[in-house]
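Quick notes on the structure that follows.
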Amino acid sequence: MKDSTIINIGKSTFLIFLILGNICLFGYMIFKIEAFAIYGFVLLLFAAPINLVVIACLLIYGFFNKSQFNICNRASTIICINIPIAILYYFIGISLLNF
């Protein structure tokens, strides 16, 4: 695989789940429809394993292709940026639902 393809996998995975999380959080905040909050928490349950599988695949690919390991590691790091964002959104969602 090309370096740009590997980076695009990381960026695409990051952006897909970031956009879905934003839709759920801001959809609930703006429209006060509880379905957005429910979908947001379901998204957390599904996004974590999917992101972990993508990261594992990238790292395994990088392990077997030593020349691609740094690029795979960079793509995995991009995906990991979602972790603190998801934690923040979780606590925001919990605090919004308690009021």
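Filter the stretch 51-63 down to the residues that are surrounded by 14 or more Cβ atoms within 10 Å (Cβ to Cβ) and either under 12 Å from the mean Cα position of the chain (by Cα) or within 11 Å of G10 (Cα to Cα) (or both) and list them by number. Write out each step before concluding.
Step one: list which residues in the stretch 51-63 are surrounded by 14 or more Cβ atoms within 10 Å (Cβ to Cβ), which gives 51, 54-55, 58-59, 61-62.
The answer is N51, V54, I55, L58.
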Quiz item: Within the stretch 81-98, can you find the residues that are surrounded by 13 or more Cβ atoms within 10 Å (Cβ to Cβ) and either more than 30 Å from I23 (Cβ to Cβ) or under 16 Å from the mean Cα position of the chain (by Cα) (or both)?
Solution: N82, I85, A86, Y89, Y90
Practice problem: Take the stretch 1-20 and flag every residue that is touching a residue at least 12 places away in the same chain (Cβ under 8 Å), more than 10 Å from A75 (Cβ to Cβ) and in a helix (DSSP H, G or I). | Solution: F17, L18, L20
Exercise. Take the stretch 64-99 and flag every residue that is under 21 Å from I9 (Cβ atoms) and of a type in the set (A, V, I, L, M).
Key: I71, A75, I78, I79, I81, I83, I85, A86
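Coordinate-derived values only; no laboratory data. Small disclaimer: the values here were computed from a predicted structure and weren't measured. Using ideal geometry, Cβ is built from the backbone for each residue, glycine included, and neighbour counts are taken over all protein chains shown.
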